[in-house]
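Worksheet for the structure shown next.
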Amino acid sequence: MTQEFISFAALGIKELQPYQPGKPVEELQRELGISKIVKLASNENPLGPSEKVLEALRSVMPDLARYPDGSAYLLKEKLSDFVGVKTNMLTIGNGSNDVLELLARVYLRSGIEAIASQHSFVVYSLVTKALGADLRVIPALDYAQDLNATLTAINDRTRMIFIANPNNPTGTWINKADMTAFLKEVRGDVIVVLDEAYSEYVDEVEYPDGIELQRQFPNVVVTRTFSKAYGLASLRIGYAISHPEIADLLNRVRQPFNVNAMSLAAAVAALDDQEYVRAAVDLNRQGMKTVTDACDKIGLPYIPSVGNFLTIDFGRDAMPIYNALLHEGVITRPIGVYEMPNHLRVTIGLASENEHFIASLSKVLT
């Protein structure tokens, strides 16, 4: 008997494919029996959590039988001081993906449209289509979001625009002048989501601060995460900064206790350890130079990146290279799902991990 489960599902969900994360180290160990493995697939912080974070986690463990603070009071107070906004402008989520989904749940539905760029974060499509809304994808310009084309695409059904700055997986970014000019032209009833997951890594004078832009444009929502520069990817915690009325709506649909107590404690401790963040950013800067210098030497083109990853163009199907690197114990990220089948995205790791990747890459390309 044929089951009808799929036909009963919402139309938008039936069209989706499950998100495919980077291959886990344990899976590669099982498949190939390799003990020395370097994972450079998921843009994680290679330093691991800071000692202050570990201390905070240990302090929380005796109370694991208790529910966490559903209001995230301590974290909101800390974030309020750190980023300079009122606590009623903050929404805490189970990773920044969670707040992206909350935004979609509040504003998107069948008959409504969101806009995103080609080669932008796949979650924008997931959260939009899962709610039956349409996603208009704007062709990229030199692998970056074309703001002029984005403006032209806005119509009466448009309710949300996703802009990743920097963009994942390309590492491209939009400067302050262009972003400000763009926002001045966007209708006030269109929510512009500035996804700044990698902002801590950017060392560009003209890089815009999304919080400053939010102060000028109340329809702007800034999303950030503790998964990257703060080294808390496995704890899944992020946040949104928005107009208080938007934050109120997000908190109405947010699940009770959507962030666990260990994540809350870790995020508070992480904000107090900016020395760790500076060390992570410095390590990334050095590693980026090492990897780009190696690509230049080999003759491999790449997309200049301001994130903690580099996207390399092999000029042909990258999957054989990806598989060959796996046999050398190096996990990278194929990005055919982003319409970039000739590229691999490589996270910048520790110095030893970067050297392992470079040596393995040289070997498989020989």
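No value in this document is a laboratory result; all are computed from the given coordinates. Owing to the predicted nature of the structure, the values given are computational and were not obtained by experimental measurement. Cβ atoms come from the backbone with ideal geometry, glycine included; neighbour counts cover every protein chain shown.
A few points about this structure:
- Under 26 Å from LYS86, Cα to Cα: lysines that are on another chain or at least 8 residues apart: LYS52, LYS76, LYS78, LYS176, LYS184, LYS228
- Sequence-distant lysines (8 or more away, or on other chains) whose Cα lies within less than 22 Å of LYS297: LYS289, LYS363
- FRET efficiency for TYR73 and ASP134, using Cβ-Cβ distance with R0 set to 35 Å, rounded to 0.05: 0.35
- Those residues of the stretch 221-246 whose amide nitrogen sits under 20 Å from the label point placed on ASP282, 7 Å along Cα→Cβ: 228-232
- ASP293 versus VAL122: modelled label distance in nm, points set 7 Å from Cα along the beta carbon direction: 3.4
- The alpha-carbon of LYS36 sits under 17 angstrom from the alpha-carbons of these aspartates and glutamates, leaving out residues fewer than 8 places away in its chain: GLU26, GLU27, GLU328, GLU353, GLU355.
- Value of D in µm² per second that Stokes-Einstein yields for the chain, Kirkwood Rh from Cα pairs, at 20 °C (1.002 mPa s): 100
- Peptides 168-175, 268-275, ordered by how many other C-beta atoms sit within 10 Å of their residues on average, highest first, read 168-175, 268-275.
- Computed extension gain for VAL190 through HIS327, at 0.36 nm per residue and net of the alpha carbon distance, reaches 44.6 nm.
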